[in-house]
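A short write-up of the structure that comes next.
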Amino acid sequence: MQPAVPIDVDEMSGIWRTDGLPMVYLPRHFLVNNHLAVEAALGRDVYRAILRTATAKSAIEWCEAQVQGKGLDPEATFHHYFQRLSQRGWGQFSIDALASRRGSISLRNSIFALEAGQGPGRRVCYMFEGFVTGAFSFLLGLAAPTQVECEETYCACDGRHDHCRFDFAAKP
């Protein structure tokens, strides 16, 4: 099976692009090892907050670029975002529920869960909470991703589940 995402390489600069955005291709262990090193240095709570802000911003920017570049409506963009994340190797996302102001997403084969191994109560895929809050705030047209709550409710690393789950909702 070949990648499902188109990769355009600029012959002069060597820059890779998918969907018109610059990309970087790197080994999974490199990304996960850096993630774990920063978590160890800053502490999980601080790092989780930083990641939530940064990844939510990135999700919104990606969604906005897709609307401009592909002319997708917000809901189609939301679905396309998680499809592209799946196609890029982060894991296999599926949108299980999407109601007016809440939803849930499952993630199988998460890069973090695959690298971390199992342990009781472990939740290692919190980085994706920002992906979800950003994409959902975009879908709802909210001014800021802080208006959306998201939690990794369980993780494939916890020893009880075969996948991760994220529940999210717009704040009242």
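The values are calculated or read from the model by the stated rules, or taken from the named source; none is laboratory data. Nothing here was measured: the structure is a model prediction, and the numbers come from that model. A quick note on method: Cβ atoms are made from the backbone with ideal geometry, for glycine too, and the neighbour counts reach across all protein chains shown.
Here are a few things to note about the model shown:
- Given (1) surrounded by fewer than 16 Cβ atoms within 10 Å (Cβ to Cβ); (2) more than 16 Å from the chain's Cα centre (by Cα); (3) part of a helix (DSSP H, G or I); (4) among the charged types (D, E, K, R), number of the condition E11 does not satisfy: (3)
- Strands (runs of 3 or more DSSP E) fully within region 67-172 counting 1 or more residues that are of a type in the set (D, E): 92-98, 148-154, 164-170
- Residue in region 104-118 that is at pLDDT below 95, of a type in the set (S, T, N, Q), surrounded by fewer than 14 Cβ atoms within 10 Å (Cβ to Cβ) and in contact with a strand residue (DSSP E or B) (Cβ under 9 Å, 6 or more places away or on another chain) present: no
- Against the conditions (1) over 14 Å from the mean Cα position of the chain (by Cα); (2) under 18 Å from H35 (Cα atoms), G71 satisfies every one except (2).
- Subset of region 129-172 (residues that are of a type in the set (A, V, I, L, M) and out of contact with any strand residue (DSSP E or B) (no Cβ under 8 Å at 6 or more places or on another chain)): A135, L139, A143, A144
- Scanning region 14-24 for residues that are of a type outside the set (G, A, S) and either surrounded by 10 or more Cβ atoms within 10 Å (Cβ to Cβ) or assigned to a helix (DSSP H, G or I) (or both) yields I15, W16, R17, T18, D19, L21, P22, M23.
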